[in-house]
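Structure first, then comments.
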């Protein structure tokens, strides 16, 4: 593998390897937390509270809501008056948040992210100085300590897959729930408003194409998602709509890669998780796989029928 690809992802480098100067810690840049929301009353308060408690001198919180019908806006008003509305795609909501932000650093976070400790942000920021080609500081995501089994399993599997991707230089890095230099996001033309699921893979690919680097850090963010099998299933069907249309090239993966990650790595992770780690959340893994297969098969067959109907109409 050539040197350029080797340098695309850097895992938590030590400060003695830093050679960049993007961040001046004598005058720390503003950080804009850009948060899309839609009926997120269950997670938003913990999310925004964790941001306001950071030991960092200059932050702002930008909320872009898809016209929530619960208490999302009421909660958001406790933390910010920068609340805007966009009921388009997730890509559109993210771009709207960027356009209303003013920070040199963009934290493109979901509304169910919880920052685990007060010094997380200032610690993460230093990694932008690894080199002057770093666009992204990308943290590990883990389940909160009080999570249900579905959340724990989701991120147990996610960690197995991500660590393997990094080790073998496969796929793309630095998607959502990460920190970005604003000028790098602007250089790629912002976020593609036409994309809903997978908009983060799109911007990751564009940043990679320009030669930017991603620093992966293991000081994690808590991600309070996939709280139930119903929520997991709903997101699998949403993802299937994208991938049955675009293929897995959106993630720089082949069908063989996906099978390896989901079946081979997942099964190995389940065995280790149950036997060595004694983590009973892995008992749900076969059910997760069944839901994923059903979601993709159903969406694929439905797409074939729709395309056939269109062809019949044309004839």
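Every read-out reported here was derived from the displayed coordinates using simple, explicitly stated rules and does not represent laboratory data. Keep in mind the model is a prediction, meaning the values are calculated, not measured. Please note: Cβ atoms are built from the backbone with ideal geometry, for glycine as well, and neighbour counts cover all protein chains shown.
In this label model, residue 229 and residue 122 are separated by 4.6 nm, measuring between points 7 Å along each Cα→Cβ vector.
Of 281, 92, 32, which is the most mobile in a GNM of the chain whose springs link Cα atoms less than 10 angstrom apart? Top of the fluctuation ranking is 281. For the chain, what does the alpha-carbon gyration tensor say about shape, rounded, prolate or oblate, given a ≥ b ≥ c as the root eigenvalues, a/c under 1.5 as rounded, and a/b over b/c as prolate? Because its axes are fairly even, with a/c under 1.5, the chain counts as rounded.
Packing here is the average count of other Cβ atoms within 10 Å per residue, and on that basis the peptides 36-44, 105-113, 203-211, highest first, run 105-113, 36-44, 203-211.
Order of 217, 115 from fewest to most other C-beta atoms within 10 Å?
Ranked by crowding around the Cβ, least crowded first: 217, 115.
Which FRET efficiency, nearest 0.05, do residue 298 and residue 85 yield, Cβ-Cβ r, R0 25 Å? Once rounded, the FRET efficiency stands at 0.20. Extension gain, residue 132 to residue 210: 0.36 nm times the residue separation minus the Cα-Cα distance gives 26.8 nm. DSSP bridge analysis restricted to the chain gives an antiparallel fraction near 25%, rounded to the nearest 5. Could you tell me whether segment 136-187 comes out rounded, prolate or oblate from its Cα gyration tensor? Rule is a ≥ b ≥ c as square roots of the eigenvalues, rounded for a/c under 1.5, then prolate if a/b exceeds b/c, otherwise oblate. Oblate.
With contributions of -39500 (n - 2.57) from each DSSP H run of at least four residues, the per-residue ellipticity at 222 nm computed over the chain stands at -13000 deg cm²/dmol.
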